[in-house]
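This report refers to the structure that appears directly beneath it.
The values are calculated or read from the model by the stated rules, or taken from the named source; none is laboratory data. Not measured: the values here are computed from a predicted model. Here the Cβ is made from the backbone with ideal geometry for all residues, glycine too, and neighbour counts use every protein chain on show.
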């Protein structure tokens with residue numbers, strides 16, 4: 001799936017993986033109007049999953 005064939009997502013959420021912090025990737029999302037939602041660190045996701053497991 002490419003932006004050339006589809007609209008960019010309204011919100012792009014990720015876990016702060018290195019592939020998602022690449023400047024050209026972020027520029028491409030911004031250029032196409034996507035809002036970026038990124039965890040502060042990969043550990044945030046593990047913490048959230050732990051809470052969800054407890055609940």
Mind checking which pairs have a first residue in the stretch 4-24 that is touching a residue at least 12 places away in the same chain (Cβ under 8 Å) and at positive phi and a second that is part of a loop (DSSP other than H, G, I, E, B) and surrounded by 11 or more Cβ atoms within 10 Å (Cβ to Cβ), Cβ under 7 Å, 6 or more apart or different chains? 16/39; 16/41
Under the condition of being surrounded by 12 or more Cβ atoms within 10 Å (Cβ to Cβ) and in a helix (DSSP H, G or I), which residue from the stretch 1-41 is modelled with the highest pLDDT? 30
